[in-house]
1. Using a cut-off of under 19 Å, list every residue of region A:112-148 whose amide N is near the label point 7 Å from the Cα of B:Glu23 along the Cα-to-beta-carbon line.
2. Using the Cα centre of region A:111-287 as origin and beta-carbon charges of +1 (Lys, Arg) and -1 (Asp, Glu), tell me which of A:Met175, A:Pro274, A:Ala217 is placed farthest towards the positive end of the dipole.
3. Can you pull a Stokes-Einstein diffusion coefficient for region B:63-200 at 37 °C (0.692 mPa s), Rh from Kirkwood over Cα pairs, as a whole number of µm²/s?
4. Taking the Cβ-Cβ separation of A:Ala225 and A:Leu201 as r and a Förster radius of 22 Å, what is the calculated FRET efficiency to the nearest 0.05?
5. For region B:289-330, rounded, prolate or oblate, judged on the Cα gyration tensor with a ≥ b ≥ c (square roots of eigenvalues), a/c < 1.5 rounded, else prolate if a/b > b/c?
6. List, shortest first and in nm to one decimal, how far the label point of B:Arg26 (7 Å from Cα along Cα→Cβ) is from its counterparts in the other copies.
7. For the charge dipole of chain B, defined by +1 on Lys and Arg C-beta atoms and -1 on Asp and Glu C-beta atoms about the Cα centroid, which residue among B:Leu308, B:Ala106, B:Ala206 has the Cα displaced farthest towards the positive pole?
8. Output, in nm with one decimal and in ascending order, the distances from the A:Ile46 label point to the matching label points of the other copies (7 Å from Cα along Cα-to-Cβ).
2 protein chains.
Amino acid sequence: MTAQRVLVCTSDGQSAIFRMDPEHTRAALARAPAGLPPIEFVFRDIDAPDFAEVLQDCIALVGWMIPNETIRTVRGALRLIQLSGAGVDHLAPFDWLPPGVSLCNASTIHGPKLQEWSVMVLLMLHAQIPHFITAQRAQLWSKRHTSTIAGTTAMIFGTGGLGQAVARAAKSLGMITIGVRRTPGPATSFDAVIGQEEAELRLGEADVVVLTLPLTAQTRGRADAAFFSRMKPEAGFVNFGRGGLVIEADLIAALEARRLCGAVIDVTDPEPPPAGAPIWNAPRLVITPHVSCDDPATYVPDVLDLLLDNVGRLVEGRALRNVIDLARAY
Amino acid sequence: MTAQRVLVCTSDGQSAIFRMDPEHTRAALARAPAGLPPIEFVFRDIDAPDFAEVLQDCIALVGWMIPNETIRTVRGALRLIQLSGAGVDHLAPFDWLPPGVSLCNASTIHGPKLQEWSVMVLLMLHAQIPHFITAQRAQLWSKRHTSTIAGTTAMIFGTGGLGQAVARAAKSLGMITIGVRRTPGPATSFDAVIGQEEAELRLGEADVVVLTLPLTAQTRGRADAAFFSRMKPEAGFVNFGRGGLVIEADLIAALEARRLCGAVIDVTDPEPPPAGAPIWNAPRLVITPHVSCDDPATYVPDVLDLLLDNVGRLVEGRALRNVIDLARAY
C-alpha cells in the first residue's frame with residue numbers, strides 16, 4: 001500500500017501556536033489508531049513555486065490561510081481540505097473549491113478552552129467587571145453588589161462547536177441556556193433551542209446574549225440597534241463569532257447609553273481595529289484579541305488528530321467530520 | 001421565659017444590602033430551629049441618645065460600624081457582639097470591649113459568593129485579562145495565548161473562611177492549592193498548608209498568590225517589594241483581605257516592571273483611593289470596589305441566622321461560633 005500524502009500548508013505571519021512542524025506530525029502519527037493507511041506529510045509555504053504541483057499528488061491539505069486561487073486549478077488526488085480553524089468566511093465564496101474536494105473545519109476542537117474562557121466571561125459580565133474597569137479609569141469607586149450567577153439566563157446564538165462550549169460553561173454555573181439556530185429542537189447543554197424569529201421576541205429574557213455564529217450573508221450585522229434595543233436593560237453581550245456579526249457603532253451606542261451593563265468581545269471587524277477607532281474606547285467594553293478559543297498546548301495536536309481521522313474516513317469511504325455546507329457557508 | 005433582647009445597630013451611609021429591618025428579623029425568627037429561646041429585636045441608630053441605655057438590657061448587639069466608645073461603658077445583660085462583616089481592624093485595639101462580652105465576626109458567610117468571584121478572578125489572571133485591558137487602553141492588539149488553568153498553582157495566604165472559599169474555587173478549576181497560616185497542617189480544599197517562613201521560600205512556585213489575611217500589626221505591609229521579587233515572574237496577584245496588607249507603591253512598581261502579569265484587588269488603603277492616587281492608573285491592575293464577598297440576596301439573612309445560632313449557644317452555655325481572638329486580632 002503506497003502512502004497517502006498530506007500537504008501541510010505553512011505560512012509566515014501566523015501565530016506560532018498554529019504552526020505545524022514535522023515533530024507535530026510524527027507525534028500525531030504515533031498517536032493515531034491502528035488501521036490508518038500509511039501517511040506521508042509534506043510541508044510547503046503557500047508561496048512555494050511548486051505548491052500546486054505537490055498538492056496534485058496529495059489526498060489532503062491542512063492549513064488556515066490557504067491559497068484558494070492556486071487550489072482552484074488543482075486536479076489529481078486531492079479530496080480533502082482540512083482547515084485548522086472554525087470560521088470559513090475568509091474563503092467565501094467557495095467557487096474555487098475543485099469538484100470532489102471536501103472542505104472541513106476544526107470547530108469541534110475549541111471546546112475545553114472556550115468552555116473555561118466562557119465561565120470567566122459569563123462571570124465577568126454578571127459581576128459587572130466592565131463597569132468597574134470603566135469606573136477605575138475615571139477614578140470612581142462605584143459599588144455594584146451582585147448575587148451568584150445561578151438561575152440567570154444565557155441566550156446563545158449558534159449551537160455548533162463553539163455554542164455548545166459556551167452552553168456547557170453556562171450550565172456548569174447553574175444558568176438557564178437558550179440556544180438559537182435555524183432548526184429548533186433539543187441539543188446537549190441547552191435547556192431549549194429556538195428559531196431566529198422566536199429569538200427576536202424572547203431577547204428580553206436573557207441576562208447575557210452570546211454570539212457564536214459563523215459570518216455569512218445572513219448573519220452579517222445581526223446585532224444592530226434594533227437587536228440591542230430588544231435586549232433586557234443592563235444585560236451583558238458577548239461576541240465569540242466574527243466581528244462582522246455586530247454593527248460596531250450600534251454596540252458602542254448601546255454601551256454609552258448603559259442599555260447594556262457591559263460587553264466582552266473576542267473579535268472585531270477588522271482585526272485589529274484601526275488606530276483611533278471608537279471601539280477601542282467604548283465604555284464598559286473589554287476587547288480580547290481573538291484568543292478565546294485557541295489552546296497553545298493542544299491546538300496543533302487536536303487539528304492533526306482530526307485530519308488523520310478524516311483521511312482514514314476518506315480511504316474507507318466513510319462520512320467525514322466537520323464538513324462545511326457550501327450553500328450555508330458554515 | 002422572658003424574651004432575650006437583641007439590639008440591631010442601624011446606621012446611615014451603609015450600603016443598602018447590609019441594612020437590617022424588622023422584615024429581615026421576623027423572617028430569621030421564622031426560619032430559626034425549634035428550641036431557640038424567645039427573642040425580641042430592637043433597632044437603634046448608633047447616634048440614638050438612648051443607645052447605651054437600650055443596650056444594657058440586651059444580650060446581644062448586631063452590626064458593623066458599631067459605636068465602640070459608647071459600648072465601652074455598657075454593663076448589664078450584654079454578652080455578645082455579632083459583627084456583620086469579617087475584618088475587625090476598624091475596631092482594634094479592643095480595650096473598649098466590656099468584660100464578659102464575646103466579639104464574633106461573620107467571616108464564614110461569605111463562602112458561596114467569594115468562591116464564585118474567585119473562579120472569575122483566577123481565570124482572569126490566568127487568561128491575561130489585566131494585560132488585555134491595559135493593551136486596549138493603548139489601542140494595542142496584543143495577543144497572549146493561554147492553555148486551560150488546571151495544574152497551575154495558587155498560594156493562598158490565610159486559611160479562614162475567605163481563604164477556604166478561594167481554595168474551593170481553585171480546586172474546582174483543577175489547580176494545586178497551597179495554604180499559608182501560622183500553624184501548618186491539613187485543611188479542607190488545600191493540597192498543603194505551610195507556615196510563613198516556608199511560604200517565603202516557596203513563593204516562586206505559585207502562578208497566582210492570593211491574600212485573604214486579616215489586617216493586624218503582624219500582617220500590615222506583608223506584600224512588599226521583597227515579597228513581589230520572590231514571586232514567579234509573570235505570576236498573578238490578588239488581594240481579598242485588606243488594602244493595608246500591601247505596600248501599594250511596591251505593587252505598582254511590580255506591575256510597571258511586568259514582574260507580575262497582572263493583579264486584581266478588591267481592597268485598597270484607604271477606600272476609595274484618593275483622587276489622583278497612582279493606584280488608579282497602574283498598568284495591568286483591576287480594582288473592584290470591595291464587593292467580592294457580599295451577596296445582596298443572602299447577606300443579611302445569613303448574618304441573622306449566625307446571630308440567632310450564637311444567641312442560642314449563649315443561653316445554653318455552648319461555645320460560640322466565629323469568636324475573635326483578641327490577642328491575634330482576628
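1. Once the point is set 7 Å along Cα→Cβ of B:Glu23, A:145-147 turn out to lie under 19 Å by backbone N, inside region A:112-148.
2. Value computed over the given set: A:Met175.
3. D = 183 µm²/s.
4. 0.80
5. In terms of gyration-tensor shape, oblate.
6. 7.8
7. Selected residue: B:Ala206.
8. 6.6
Laboratory data are not the source of any read-out in this text; all were calculated from the coordinates shown. What you see is a predicted model, and the numbers here were worked out from it, not measured in a lab. So basically every Cβ, Gly included, is an ideal-geometry build from the backbone, and we count neighbours across all protein chains shown.
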